Amino acid sequence: MNLSRYSPLLASLCLFLLSAGPALAQQLSEAEIRSEIIGKRIYLAAPLGGEFPLNYLRSGEVNGDGEALGLGAFIQPRDTGRWWIEAGRLCQQFQTWYDGQPLCFVLSWTGPDSVTWVGDNGETGTARIEG
């Protein structure tokens, strides 16, 4: 099979994918965190299936409830804390989760209503933003 006749098409496709990739993986700015995350419910994808909801309230409070995922056997299933933005990262500190220690996350777009997150502790995951 002669692939040379497909070379221009393949080259164009590669250029398109390379140019589109960074736009989708672009880190959220502080303004985007405030407009796209704050005031909404975010669903973290759970490793064994399901979603874990977190609510980032405009008052600076964050709360979560993992009871539907059966987390009560492992951790306190519900917790509340506070959120803030620092150096372009979304930070949060819960009363008991993460032993009450603050943790910050870099958020990057993966789609129009989804992000990946990377925590200061090295943990990573994906999340869906409720519309």
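The values are calculated or read from the model by the stated rules, or taken from the named source; none is laboratory data. For clarity, every value in this text was computed on a predicted model and none was experimentally measured. Neighbour counts are summed over all protein chains in view; Cβ atoms, including those assigned to glycine, are modelled from backbone coordinates with ideal geometry.
Here are the numbers for the structure shown:
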quantity: Residue selected from the range 89-111 under the condition in a loop (DSSP other than H, G, I, E, B) and at pLDDT 95 or above, by the criterion farthest from Leu57 (Cα to Cα); calculated: Gln101
quantity: The range 118-131, residues that are part of a strand (DSSP E or B), free of Cβ contacts under 8 Å to residues at least 40 places away in the same chain and either surrounded by 14 or more Cβ atoms within 10 Å (Cβ to Cβ) or on the phi > 0 side of the Ramachandran plot (or both); calculated: Val118, Gly119
quantity: Any hit, the range 93-103, residues being within 14 Å of the chain's Cα centre (by Cα), among the polar types (S, T, N, Q) and surrounded by 15 or more Cβ atoms within 10 Å (Cβ to Cβ); calculated: no
quantity: Every pair of residues 6+ apart whose Cβ atoms lie under 8 Å, when the first sits in the range 97-115 and is over 17 Å from Leu28 (Cβ atoms) and in contact (Cβ under 8 Å) with a residue 12 or more places away in the chain while the second is in a loop (DSSP other than H, G, I, E, B) and among the β-branched types (Val, Ile, Thr); calculated: Trp97/Ile75
